[in-house]
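Dropping a structure here in structure tokens format, bear with me for questions.
The values are calculated or read from the model by the stated rules, or taken from the named source; none is laboratory data. This one's a predicted model, so the numbers in the text were calculated from it and none came from an experiment. Because the Cβ atoms are built from the backbone with ideal geometry, glycine has one as well, and the counts that use them run over all protein chains shown.
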Amino acid sequence: MIHNKLTPFPKDFLWGAASAAYQVEGAWNEDGKGVSNWDQFVRIPGKTFKGTTGDVAVDHYHRYKEDVRLMAEMGMRAYRFSVAWTRIFPNGKGEINPKGLEFYNNLINELKANNVEPILTLYHWDLPQALQDEYGGWESRNIIKDFTAYSVELFKQFGARVKYWVSLNEQNIFTGLGYRMAAHPPGVKDDKLFYQVNHHANLANASVIKEFRKYVPDGKIGPSFAYSPAYAASSNPKDIIAAENAEELNSHWWMDIYAWGKYPKSAWSYLEKNNLAPAVEEGDFELLKESKPDFMGLNYYQTTTFEENPIEGGVTAGEMNTSGKKGTSKDGGIPGVFKTVSNPNLERTNWDWNIDPNGLRIALRRITGRYNLPILISENGLGEYDKLEENDVVNDDYRIDFVRSHVEAMQEAISDGVDLMGYCVWSFTDLLSWLNGFQKRYGFVYVNQHEEGEHDLRRIKKKSFHWYKELIETNGEKL
Ligand code: BG6
């Protein structure tokens with residue numbers, strides 16, 4: 001529907017921005033931190049753009065005070081960050097590292113002192129390597145116990161001060177890139193294992209939510225899901241079925257479990273027929289059903305368009321564009337299920353990501369319609385080349401346009417009846433993109449860091465910083 005009058009943003013709306021430990025902190029081997037799967041993976045030649053690592057990243061570990069000062073200057077109401085498991089438990093379990101706790105204690109205190117609400121992500125992909133070595137990490141049910149123990153420690157330490165928690169960040173992405181495309185650690189291509197790993201992650205997620213109720217009864221917790229709403233390429237019913245297949249296998253497969261504790265029927269039956277369904281043990285579904293999240297965390301970047309894909313001679317895995325050269329990504333699919341095609345109605349970024357603010361409204365409405373849960377947009381943003389001009393100026397008008405159009409879509413969705421808690425733009429400062437180095441920038445704050453050479457890492461407010469500040473001041477009125 002087209003609204004004549006839009007509903008204003010709620011007064012306590014969490015206008016924020018986000019980051020992840022590995023992408024900002026650096027200090028990869030300082031103060032007792034253990035080695036993570038990413039610390040190891042980036043050292044394998046050819047895995048990341050120009051061999052970039054998070055060894056230094058943007059040095060947030062040493063500069064967090066300056067970063068929080070900038071957040072306060074912007075008037076930011078919330079900051080979503082993740083804890084590096086290896087700072088707390090260097091080996092994933094056992095001995096606690098007090099220095100690791102101290103860092104997050106300081107960060108949280110600094111945020112609170114500056115009226116920035118902390119939103120703490122328990123897991124943003126940096127698994128302790130010790131657990132990968134010992135039992136294959138997410139490949140074993142042992143992970144459930146260890147992830148729960150780590151999370152409970154954080155609930156105990158920070159639960160009195162931190163009220164918003166994200167359990168797993170983008171389970172669909174870290175397992176997909178880790179176990180289907182071999183682009184993330186542990187660099188495996190095994191569809192059957194992929195579904196098993198996901199079952200374990202679902203159980204770990206549920207177990208942590210269950211414990212959370214005991215330790216932080218007045219807090220809110222939910223997973224962050226990378227939802228790319230599926231469009232059909234045409235009104236041909238075969239394309240519509242392909243898009244429905246994509247919704248079931250790419251999205252409901254996770255969100256149904258989070259919200260209802262059950263796998264979607266048609267996806268399960270497809271996996272069973274193809275011998276891909278995970279092994280389930282007694283009691284699993286009880287745990288999954290009793291651990292409902294308080295909200296669905298939504299990481300929204302783009303929509304994807306689908307077409308029928310024949311069984312014989314159908315398209316298989318595609319290719320990602322990690323170079324920033326427009327047009328270098330390749331469509332992919334699963335024969336007999338779907339294939340992706342480009343959408344001629346949408347502009348794309350230099351990394352071939354569709355720019356589709358209406359897709360955000362669609363995502364918010366679909367989630368609300370199916371699950372009737374509040375939603376926290378835990379990520380949304382634009383990765384682009386930024387140009388540092390004379391006198392330390394960055395005119396990122398394209399980022400302002402991107403965020404503005406998505407905020408408009410959010411307000412349309414609120415007017416549609418969506419219960420939206422907040423909006424965390426990815427990202428606050430520029431940071432390391434896992435596979436794309438430092439040239440693909442997302443921040444409101446430019447950081448003088450690059451793939452090659454030594455740089456001073458100074459922070460520079462971009463034009464979008466000032467724009468977002470005003471947006472927050474007017475609670476979303478001044479677009
Ligand atoms: C999300 C992740 O998938 O997208 C972030 O949660 C990531 O960690 C972001 O950086 C943007 O992706 P990319 O590949 O452009 O860095």
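Within 14 Å of the ligand (Cβ to nearest atom), modelled with pLDDT of 95 or more and within 30 Å of Gly187 (Cβ to Cβ): is that true of Leu457 in this structure?
In short, no.
I'd like to know if the stretch 55-74 contains one or more residues that are part of a loop (DSSP other than H, G, I, E, B) and free of Cβ contacts under 8 Å to residues at least 24 places away in the same chain.
Pass one, the stretch 55-74, residues part of a loop (DSSP other than H, G, I, E, B): 55-59.
The next check asks that each one be free of Cβ contacts under 8 Å to residues at least 24 places away in the same chain; those that pass are none.
Checked the stretch 55-74: no residue is part of a loop (DSSP other than H, G, I, E, B) and free of Cβ contacts under 8 Å to residues at least 24 places away in the same chain.
Tell me yes or no: at least one residue of the stretch 310-328 is more than 16 Å from the ligand (Cβ to nearest atom) and touching a Ser or Thr at 6+ places or on another chain (Cβ under 8 Å). Quick ask: steps written out before the conclusion?
Pass one, the stretch 310-328, residues more than 16 Å from the ligand (Cβ to nearest atom): 310-317, 327.
In the following step, the residues that additionally are touching a Ser or Thr at 6+ places or on another chain (Cβ under 8 Å) were identified as none.
Within the stretch 310-328, not a single residue is more than 16 Å from the ligand (Cβ to nearest atom) and touching a Ser or Thr at 6+ places or on another chain (Cβ under 8 Å).
Restricting the search to the stretch 83-135, which residues are within 21 Å of Gly297 (Cα to Cα) and assigned to a strand (DSSP E or B)?
Glu117, Pro118, Ile119, Leu120, Thr121, Leu122, Tyr123
Has the stretch 268-278 got any residue that is under 20 Å from Ile334 (Cα atoms), small (Gly, Ala, Ser) and either buried (at least 17 other Cβ atoms within 10 Å of the Cβ) or under 18 Å from the mean Cα position of the chain (by Cα) (or both)? Lay out the reasoning, then the answer.
Of all residues in the stretch 268-278, those under 20 Å from Ile334 (Cα atoms) come to 268-278.
So of that shortlist, the ones also small (Gly, Ala, Ser) come out as 269, 277.
Adding the requirement that they be either buried (at least 17 other Cβ atoms within 10 Å of the Cβ) or under 18 Å from the mean Cα position of the chain (by Cα) (or both) leaves 277.
Scanning the stretch 268-278 turns up at least one residue that is under 20 Å from Ile334 (Cα atoms), small (Gly, Ala, Ser) and either buried (at least 17 other Cβ atoms within 10 Å of the Cβ) or under 18 Å from the mean Cα position of the chain (by Cα) (or both).
Give Ser224, Ser269, Ser235 a once-over and let me know the one that is farther than 27 Å from Lys189 by Cα and hydroxyl-bearing (Ser, Thr, Tyr).
Details: Ser224 fails: farther than 27 Å from Lys189 by Cα; Ser269 fails: farther than 27 Å from Lys189 by Cα.
The unique qualifying residue is Ser235.
Any chance you could count how many residues in the stretch 367-402 are away from the ligand (no atom under 16 Å from the Cβ), under 29 Å from Pro118 (Cβ atoms) and surrounded by 14 or more Cβ atoms within 10 Å (Cβ to Cβ)?
8
Right, next: Is there any pair linking a residue in the stretch 108-127 that is closer than 30 Å to His184 by Cα and more than 16 Å from the ligand (Cβ to nearest atom) to one that is at pLDDT 95 or above and part of a loop (DSSP other than H, G, I, E, B), with Cβ under 7 Å and at least six apart or on different chains, and which?
Once the first residue is closer than 30 Å to His184 by Cα and more than 16 Å from the ligand (Cβ to nearest atom) and sits in the stretch 108-127, its partners that are at pLDDT 95 or above and part of a loop (DSSP other than H, G, I, E, B) give Ile108/Arg161; Ile108/Val162; Pro118/Val162.
Quick one: how many residues across the stretch 396-433 are touching a helix residue (DSSP H, G or I) at 6+ places or on another chain (Cβ under 7 Å) and under 19 Å from Ala57 (Cβ atoms)?
Number of matching residues: 5.
Residues in the stretch 234-243: is at least one surrounded by 21 or more Cβ atoms within 10 Å (Cβ to Cβ) and touching a helix residue (DSSP H, G or I) at 6+ places or on another chain (Cβ under 8 Å)?
no
Ile143: in contact with a Gly (Cβ under 8 Å, 6 or more places away or on another chain), crowded, with 24+ Cβ neighbours inside 10 Å and within 18 Å of Val208 (Cβ to Cβ), yes or no?
Numbers: in contact with a Gly (Cβ under 8 Å, 6 or more places away or on another chain): yes; crowded, with 24+ Cβ neighbours inside 10 Å: no; within 18 Å of Val208 (Cβ to Cβ): yes.
Against the criterion (in contact with a Gly (Cβ under 8 Å, 6 or more places away or on another chain), crowded, with 24+ Cβ neighbours inside 10 Å and within 18 Å of Val208 (Cβ to Cβ)), Ile143 does not qualify.
So which residues in the stretch 330-354 are hydroxyl-bearing (Ser, Thr, Tyr) and within 21 Å of the chain's Cα centre (by Cα)?
Filtering the stretch 330-354 for residues hydroxyl-bearing (Ser, Thr, Tyr) gives 340, 342, 349.
Passing the criteria: only Thr349.
Turning to a different aspect of this structure: If a residue counts only when it is modelled with pLDDT of 95 or more and more than 30 Å from Arg213 (Cα to Cα), which strands (runs of 3 or more DSSP E) contained entirely in the stretch 289-390 have at least 1 such residues? Outline the logic, then answer.
Details: elements: 296-299, 304-307, 338-341, 375-379.
Passing ranges, in order: 304-307, 338-341.
Still on this structure: If you go through the stretch 24-59, how many residues are in contact with a strand residue (DSSP E or B) (Cβ under 8 Å, 6 or more places away or on another chain), more than 14 Å from Pro128 (Cα to Cα) and not basic (Lys, Arg)?
Of the residues in that region, 5 qualify.
Filter the stretch 329-355 down to residues that are touching an Asp or Glu at 6+ places or on another chain (Cβ under 6 Å), more than 16 Å from the ligand (Cβ to nearest atom) and hydrophobic (A, V, I, L, M, F, W, C), then give me how many there are.
Qualifying residue count, the stretch 329-355: 2.
A further question on this structure: Sort out which residues of the stretch 403-438 are away from the ligand (no atom under 16 Å from the Cβ), surrounded by 19 or more Cβ atoms within 10 Å (Cβ to Cβ) and part of a helix (DSSP H, G or I), and write them in order of number.
Scanning the stretch 403-438 gives Val407, Ala409, Met410, Gln411, Glu412, Ala413, Ile414.
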